[in-house]
Amino acid sequence: MAHTQMVFHFLGFRPVPNEPRRNPLVMPRTRVNAPFRCVRIQGELRGLGIQVGATSIRSLLRRSGLGPAPRRSGPSWSEFLRAQATGIFACDFFAVETVFLKTLYVLFFIEIGTRRVHVTGATTNPDGTFVTQQARNLAFDRDDAKALVRFLVRDRDQKFSGSL
């Protein structure tokens, strides 16, 4: 089958006589790329110089009797987060107005696994060195120092230096 005929057949313009309506470019790749299917097949076809949308591939697979990829065995997203929560901390600032109309910025950390909040310090001018020192102090003062902190969730504020 010529390359042009395969492309037309794939796009659904012209069926090839005496051949099932399964595309010879898509169907062999379906079994190899079962977990990823549409996006993977689209990438492979793009490598061959054929521009086809993922929706077209999905429609062709459904017409051929191949539905979406089966659910993978393994944890769901919530189970995954629950399993990783013991190693995740989050930090941020909140502002407190004093009686003398000064603004204090209070740094706090939250252990995601236990939902315990650690208020580490307050300052009128937060910067990267302040945040780094408070994080070090928290690391030394924690009771359960055996539990390794693997991830720190923070925003992209300039108060958080690259050392966090």
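Answer yes or no as to whether GLN158 is assigned to a helix (DSSP H, G or I) and either surrounded by fewer than 15 Cβ atoms within 10 Å (Cβ to Cβ) or not acidic (Asp, Glu) (or both). In short, no.
Each row is one residue, and each column tells you yes or no for (1) modelled with pLDDT under 90; (2) not polar (S, T, N, Q).
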residue: VAL96; (1), (2): no, yes
residue: LYS102; (1), (2): no, yes
residue: ILE110; (1), (2): no, yes
residue: THR114; (1), (2): yes, no
residue: GLY121; (1), (2): no, yes
residue: ASN125; (1), (2): no, no
residue: PHE130; (1), (2): no, yes
residue: GLN134; (1), (2): no, no
residue: ASP143; (1), (2): yes, yes
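Filtering the range 148-158 for residues that are out of contact with any Pro (no Cβ under 7 Å at 6 or more places or on another chain) and on the phi > 0 side of the Ramachandran plot leaves an empty set. For the range 74-95, does any single residue satisfy the condition of being loosely packed, with under 11 Cβ neighbours inside 10 Å and within 28 Å of GLN158 (Cα to Cα)? Checked against the condition, which is being loosely packed, with under 11 Cβ neighbours inside 10 Å and within 28 Å of GLN158 (Cα to Cα), the range 74-95 yields at least one hit. Among the residues of the range 79-112, just one is free of Cβ contacts under 8 Å to residues at least 40 places away in the same chain, under 17 Å from ASN137 (Cα atoms) and of a type outside the set (A, V, I, L, M, F, W, C), namely GLU111.
The values are calculated or read from the model by the stated rules, or taken from the named source; none is laboratory data. Keep in mind that what you see is a predicted model, and the values were worked out from it rather than measured. We place every Cβ from the backbone using ideal geometry, glycine too, and count neighbours over all the protein chains shown.
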